[in-house]
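What follows is a single structure, written as structure tokens, with notes after it.
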Amino acid sequence: MHPACLAALRCPHCAGPLHLDDRSLACGHGHRFDRARQGYVNLVAGAGTPHHGDDAAMVERRERVLADGLLEPVLAGLAEGADAALRQAPPDREAVVVDVGAGPAVHLARLVSGDAQRCGIAVDVSKHAARRAARAHPRITAIVADTWSGLPVADGAADLVVVVFAPRNAAELARVLAPHGQLLVAVPGDDHLAELRARLGLLEVEPGKDERISAQLAPQLELLDLRTVSWERPLTRAQAVDLVGMGPSAHHLDLDALAAELADDDRPLTMRGSVRLLAFAHPSGAAGES
């Protein structure tokens with residue numbers, strides 16, 4: 001477990017600092033959290049969480065989509081934004097990047113791998129995702145936690161927080177973000193996968209999502225930058241099923257039936273991506289307050 005990331009973690013019961021004790025994390029009040037053999041630590045307090053996140057199949061599909069480069073423009077945009085944001089981090093210590101809803105932590109691995117002075121905390125409510133995240137990069141610490149119950153991260157410990165297609169608890173994101181830090185959020189644009197959604201009957205993207213996010217995060221955080229990343233590329237049938245099956249539409253569609261339907265349709269498939277990348281920071285003169 002990376003020392004800088006360990007120092008940023010807090011006990012979900014008492015908010016005390018955690019230390020590594022054999023294969024467990026423990027705080028000064030005796031709360032102990034065993035490290036799973038897959039490498040992650042479950043830091044969900046109490047009896048657990050009603051949210052379970054992605055199942056194993058959804059995580060595997062997301063990994064294939066990312067490995068095939070279907071979301072490469074998003075990863076490149078996040079990396080560019082992270083580089084710009086982390087120039088504001090203190091140069092005399094390692095920068096801590098917290099990815100909330102990290103999934104298999106492919107995005108996070110990309111962000112920390114370019115600089116040996118960065119480490120990452122991959123947060124996801126799904127144990128299946130945490131297992132993959134723990135293997136994504138040596139400088140990534142993977143934890144299971146529910147953002148709605150509170151992030152087990154110290155106040156102001158994160159030089160950068162990243163949320164990619166995941167829920168946003170505004171108060172918690174602002175609390176863990178350092179005074180100089182930035183929050184990077186990626187959300188689907190209004191026409192993201194529009195052709196594919198119309199053809200396959202996927203869930204629609206809510207219009208004006210970026211405006212609602214800015215309103216949700218205010219007044220704790222203010223919008224610094226907003227840009228759209230757009231791209232187009234051909235898709236195989238298998239890639240189309242993976243794209244559908246890695247997101248919320250997987251809960252509403254029969255993927256086997258969808259694959260069979262696509263196999264009987266010889267029309268070419270095209271992915272037209274449109275993702276909004278938003279950067280936020282503490283308001284000027286109010287950094288660190290929440």
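Rule-based calculations on the coordinates, nothing more; no lab input. Because the structure is a prediction, the values reported are computed rather than measured. Reconstructed Cβ throughout: ideal geometry from the backbone, glycine too, with neighbour counts over all protein chains shown.
Data table
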| item | result |
| --- | --- |
| Cβ-defined net charge surrounding residue 105, 12 Å radius [Lys, Arg +1; Asp, Glu -1] | +3 |
| Segment residue 206-residue 72, extension gain: residue separation times 0.36 nm, minus the distance between their alpha carbons | 45.9 nm |
| Fraction of alpha-carbon pairs over 33 Å apart in the chain - percent | 22 |
| Ranked by how many other beta carbons lie within 10 Å on average, peptides 102-110, 171-179, 37-45 from highest | 102-110, 171-179, 37-45 |
| Where a label projected 7 Å from the Cα of residue 13 along Cα→Cβ would reach, residues of segment 129-153 with amide N under 13 Å | none |
| Cα gyration tensor shape for segment 31-162, rounded if a/c is under 1.5, else prolate or oblate | oblate |
| Mean separation of Cα contacts under 8 Å, 6 or more apart, over the residue count of the chain: relative contact order % | 19 |
| Footprinting exposure proxy for 165, 33, 280 (fewest neighbouring C-beta atoms within 10 Å first) | 165, 33, 280 |
| Within a Gaussian network of the chain (alpha carbon springs, distance under 10 Å), most fluctuating of 237, 118, 132 | 237 |
| Share, in percent, of DSSP beta bridges within segment 40-281 that are antiparallel, nearest 5 | 45 |
| Residue 263/residue 57 FRET efficiency (R0 25 Å; Cβ-Cβ; nearest 0.05) | 0.85 |
| Inter-site label distance for residue 238 and residue 135 at 7 Å from Cα along Cβ, in nm | 1.9 |
| 222 nm mean residue ellipticity, helices alone, for the chain (DSSP H n ≥ 4; -39,500 (n - 2.57); rounded to 500) | -8500 deg cm²/dmol |
| Residues 209, 127 arranged by fewest to most Cβ contacts within 10 Å | 209, 127 |
| Chain lengthening between residue 88 and residue 116 when straightened (0.36 nm per residue, less Cα-Cα) | 8.4 nm |
| Highest-MSF residue in the chain out of 227, 199, 61 [GNM, Cα springs under 10 Å] | 199 |
